[in-house]
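Student: Next up is a structure, given as structure tokens.
The values are calculated or read from the model by the stated rules, or taken from the named source; none is laboratory data. Remember, predicted model here, so these are calculated numbers, not experimental data. When we count neighbours, we look across all protein chains shown, and the Cβ atoms used for this are built from the backbone with ideal geometry, even at glycine. Heads up: the accessible areas ignore ligands, DNA and RNA and are worked out on the full protein's heavy atoms, side chains in. Shrake-Rupley method; radii C 1.70, N 1.55, O 1.52, S 1.80 Å.
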Amino acid sequence: MKPAICDLCLNDFRSEMFHAASGGDLVRFADYSPLDAGCAGHPHGYEWFCAEHLASAQALASLNYADAMARLFRQFGPFPEYPALAHSDPALWVLQVGPNPTRVFCIIRQAMALSPRQAKMLMATAPFKVMQAWPQAFRTWQQALEQAGASVETRYPSSRSALVESTAPPRR
Ligand SMILES: [Zn+2]
């Protein structure tokens, strides 16, 4: 089976697919040919598309794979080159500190092992990343932050977000 990377734009959504079963899906084209029983590999005409290109690919699923891809590239291409992923763990982000900044301050100091000054600076720059780990590993912190009234989000790394991060101006 191929990894969950968009066949059109090469956006890599393996992490989101693995952890949350979302981020895109497989499309079966007209010339799909299943693998023989017991055969390892990936069947022809059965490809991954990211959430952005999934609907367009599904709309062309009645065509052969090569014809559908030619149309999709005419419609959407060319694509920027996405950098390879440096890591694939999701990240816990605080979007808004909310009504109890003192409690949030204590939680992020513990979670991130920050000095009071560092924690203060970070809180002034919301949204900010708390940690990158398996979701099970940061669930306790996530719940504590939510109970303190902060709004939090789990962000899944993709090659597209890596591109945005690497081209974004540095914070602070
Ligand atoms: Zn795509």
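Student: Just give me the residues in region 105-149 being aliphatic (A, V, I, L, M) and open to solvent by 70 Å² or more (accessible area, probe 1.4 Å), in sequence order.
Tutor: Matches in region 105-149: Ala113, Met121, Ala124.
Student: Does region 68-80 contain at least one residue that is more than 16 Å from Ser159 (Cβ to Cβ) and touching a strand residue (DSSP E or B) at 6+ places or on another chain (Cβ under 6 Å)?
Tutor: Checked region 68-80: at least one residue is more than 16 Å from Ser159 (Cβ to Cβ) and touching a strand residue (DSSP E or B) at 6+ places or on another chain (Cβ under 6 Å).
Student: May I pose another question? Could you give every pair whose Cβ atoms fall below 9 Å, whose first residue belongs to region 117-146 and is more than 23 Å from Ser158 (Cα to Cα), and whose second residue is open to solvent by 40 Å² or more (accessible area, probe 1.4 Å) and among the aromatic types (Phe, Trp, Tyr), counting only separations of at least 6 or pairs across chains?
Tutor: Close Cβ pairs (under 9 Å, with a partner that is open to solvent by 40 Å² or more (accessible area, probe 1.4 Å) and among the aromatic types (Phe, Trp, Tyr)) amount to Ala119/Phe105; Lys120/Phe105; Met123/Phe105.
Student: Here's a follow-up. Of the conditions (1) more than 13 Å from the ligand (Cβ to nearest atom); (2) in contact with a helix residue (DSSP H, G or I) (Cβ under 7 Å, 6 or more places away or on another chain), Asp25 fails just one. Which one is it?
Tutor: Result: Asp25 fails condition (1) only.
Student: For Phe49, only one of the following conditions fails: (1) more than 10 Å from the ligand (Cβ to nearest atom); (2) in contact (Cβ under 8 Å) with a residue 40 or more places away in the chain. What is its number?
Tutor: (1)
Student: What single numbered condition from (1) part of a strand (DSSP E or B); (2) open to solvent by less than 30 Å² (accessible area, probe 1.4 Å) fails to hold for Cys9?
Tutor: Checking Cys9 against (1) part of a strand (DSSP E or B); (2) open to solvent by less than 30 Å² (accessible area, probe 1.4 Å), the one that fails is (1).
Student: Which of the residues spanning region 15-73 are buried (at least 17 other Cβ atoms within 10 Å of the Cβ) and in a helix (DSSP H, G or I)?
Tutor: Ser15, Glu16, Met17, His19, His53, Leu54, Ala57, Tyr65, Ala68, Met69, Leu72
Student: I'd like to know if region 95-115 contains one or more residues that are aromatic (Phe, Trp, Tyr), out of contact with any Ser or Thr (no Cβ under 8 Å at 6 or more places or on another chain) and not assigned by TED's automatic domain parsing to the domain that holds Arg139.
Tutor: Among the residues of region 95-115, not one is aromatic (Phe, Trp, Tyr), out of contact with any Ser or Thr (no Cβ under 8 Å at 6 or more places or on another chain) and not assigned by TED's automatic domain parsing to the domain that holds Arg139, which makes the answer no.
Student: Being in contact (Cβ under 8 Å) with a residue 24 or more places away in the chain and more than 16 Å from the ligand (Cβ to nearest atom) is the requirement here; does Ser62 meet it?
Tutor: So Ser62 passes the test.
Student: Sticking with this structure for a sec: Scan region 82-91 and give yes if some residue there is over 17 Å from the mean Cα position of the chain (by Cα), away from the ligand (no atom under 16 Å from the Cβ) and either within 30 Å of Ala148 (Cβ to Cβ) or not in a helix (DSSP H, G or I) (or both), otherwise no.
Tutor: Scanning region 82-91 turns up no residue that is over 17 Å from the mean Cα position of the chain (by Cα), away from the ligand (no atom under 16 Å from the Cβ) and either within 30 Å of Ala148 (Cβ to Cβ) or not in a helix (DSSP H, G or I) (or both).
Student: A further question follows. For Leu95, work out the one condition from (1) surrounded by fewer than 15 Cβ atoms within 10 Å (Cβ to Cβ); (2) modelled with pLDDT under 95 it doesn't fulfil.
Tutor: Unmet condition: (2).
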